[in-house]
Amino acid sequence: MALPGPLRSASQAPIPIDARAADHLRYIRETMERAAEFTAVPGWGGVAMGVTALVAAFFASRQPTAERWLNIWLIEAFVAVAIAAPAAATKAHRANAKLLSGPGRKFLLSFAPPIVVGGLLTYSLSHAGLHALLPGVWLLLYGTGIVTAGAFSVRVVPIMGLCLMLLGAAALFVPRGMGDLFMALGFGFVQIGFGLWIAWRYGGLCKFLWGSRPPFEMITLHASAAARWDQ
């Protein structure tokens with residue numbers, strides 16, 4: 001007499017994927033996406049660059065000649081590089097990233113061409129006596145470099161570049177005496193505002209204050225977990 005086998009239901013429902021597994025897969029995907037981003041864009045360094053740009057705009061607006069005005073802004077450009085380079089290197093070191101390979105190399109190669117073009121146009125326009133065009137040209141090309149390089153960085157970086165480009169486009173059509181105002185807005189306040197956001201969101205300040213996730217993300221996670229629990 002054959003022993004009866006284990007009882008089986010006529011129709012067995014498929015086992016759904018556990019919600020935790022879906023969350024894990026989402027986390028892995030987001031981690032891989034961040035690994036392809038250049039996250040060493042300096043936040044506090046950007047704030048410092050914005051502050052020095054405001055100082056430069058103040059003194060440049062009071063220069064009696066176009067040559068002295070240009071010298072003020074060229075000095076500011078070198079000061080900005082002296083701030084940005086070590087700030088980015090320090091942030092990259094803390095994140096165990098490299099500036100000259102992977103996403104960092106793509107960021108620099110995308111950022112460099114508009115800056116080189118800006119340098120060439122600065123020489124040509126200044127020798128032609130067209131100093132009034134320089135604020136718009138500088139903002140446009142710097143913003144272009146930020147947008148193109150921002151394709152390999154966090155989302156807020158190309159948005160900052162677009163803001164600079166809009167200010168640069170407007171600066172081309174304003175009276176000559178308003179150039180310093182637009183550069184104060186772009187190189188100063190825009191740089192400070194986005195620098196603070198980058199420092200807050202991507203520079204560790206948010207993590208220091210709120211833990212691994214900011215409060216609004218924690219609220220969203222708790223709401224999602226409660227919804228799954230009710231189901």
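A short reminder: the numbers here are calculations on the coordinates, not readings from a lab. Computed from a predicted structure; not experimentally measured. All Cβ positions, glycine included, derive from the backbone under ideal geometry; neighbour counts span all protein chains shown.
Key figures for this structure:
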read-out: The range 41-220 - charge dipole about Cα centre, Lys and Arg +1 at Cβ, Asp and Glu -1, debye rounded to 20; value: 540
read-out: Global form of the range 41-220, assessed from the alpha-carbon gyration tensor, a/c cut-off 1.5; value: prolate
read-out: Cα gyration tensor, the range 71-177 - rounded (a/c under 1.5), prolate or oblate; value: prolate
read-out: Computed lengthening from Thr90 to Thr65, 0.36 nm per intervening residue step minus Cα-Cα distance; value: 5.1 nm
read-out: Cut-off under 5 Å, modelled amide H: who pairs with Ser153 long-range; value: Phe38
read-out: Among 190-198, 124-132, the order from most to least packed when residues are scored by Cβ within 10 Å on average; value: 190-198, 124-132
read-out: Cα-projected label distance for Leu74 with Ile115, points at 7 Å along beta-carbon direction, nm; value: 1.8
